[in-house]
1. Tell me which of Gly128, Pro68, Asn56 sits at the most positive position along the dipole axis of the chain, charges placed on C-beta atoms (Lys, Arg +1; Asp, Glu -1).
2. Quick one: net charge of Gln144's neighbours, Cβ under 14 Å, K/R +1, D/E -1?
3. Taking the highest mean first, how do the peptides 123-136, 94-107 order by number of other beta carbon atoms within 10 angstrom per residue?
4. Ordered by residue, what ³J(HN,Hα) values in Hz, to whole numbers, does segment 122-131 give under the Karplus form 6.51 cos²θ - 1.76 cosθ + 1.60, where θ = phi - 60° and Gly and Pro are x?
5. How many nm is it between the label spots at His19 and Gln75, if each spot is 7 Å from the Cα in line with the beta carbon?
6. Quick one: how many lysine pairs in the chain have C-alpha atoms under 24 angstrom apart, if they're 8 or more apart or on different chains?
7. Can you list the residues, at least 5 places off or on another chain, whose amide H is less than 5 Å from the amide H of Ala131, using H built in the peptide plane?
8. About the Cα centre of segment 1-54, how large is the charge dipole given +1 on each Lys and Arg Cβ and -1 on each Asp and Glu Cβ? Please answer in debye to the nearest 20.
Amino acid sequence: LVTMAKTHPEHDYLGIDVHRPGIGSLLLRIAAEQLTNVRVLEADAVEVLQNYLPPNSLTVVYLFFPDPWPKKRHQKRRLVQPEFIHLLAQRMKTGGHLYLATDWQDYAEQMLQVLEATSDFVNGYTKGHFAPRPTERPLTKFEQRGQRLGHQVWDLIYQRTG
């Protein structure tokens, strides 16, 4: 988030997370870089979308390395579910872009399945396929960790339909 905000000071960014230590670290980096185009919320993204962001207010959404909830019995907690994608679509402008990345293959396949099944988004790469890593996507610490562990990373790029 800091890298993107530094690269594009003309854009405003809103970071949402529930992990307090990560938020604290992010706020320290924002302050050190003296960034004025980033806001951060310690909140559940679903709640923020439902209660605080109006329809058609988001141009781009980045969802990088969300919690994979790897245990089968916990996978219902994963953020990328049909209901979440529909809610997200309502908050995004027509033509807006959704970027996702994960280093968990089964979550990547679930993301692809959920997004391919909705009429709210169209695959920005090739229908039914993952995208190559976008050059403008910064390398996250989660991606670096995944690379050290030998994990592949799957990227998805979708565009909000009208």
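The values are calculated or read from the model by the stated rules, or taken from the named source; none is laboratory data. Just so we're clear, the structure is a prediction, and the values are computed from it rather than from any experiment. Note: ideal-geometry Cβ built from the backbone for every residue, glycine included; neighbour counts use all protein chains shown. When the accessible area is computed, the model is the full protein with side chains, heavy atoms only, and any ligands, DNA or RNA have been set aside. Shrake-Rupley method; radii C 1.70, N 1.55, O 1.52, S 1.80 Å.
1. Pro68
2. Numbers: positive: Arg133, Arg137, Lys141, Arg145, Arg148; negative: Asp103, Glu143.
Here the charged neighbours net out to +3.
3. Details: 123-136: 12.0, 94-107: 18.9.
Put in order of decreasing packing, that is 94-107, 123-136.
4. The phi angles translate into 10, 4, x, 10, 8, 3, x, 10, 6, 9 Hz.
5. 2.2
6. 4
7. Here the answer is Asp155, Leu156, Ile157, since their amide H atoms fall under 5 Å of that of Ala131.
8. Taking the Cα centre of segment 1-54 as origin, the dipole is about 180 debye.
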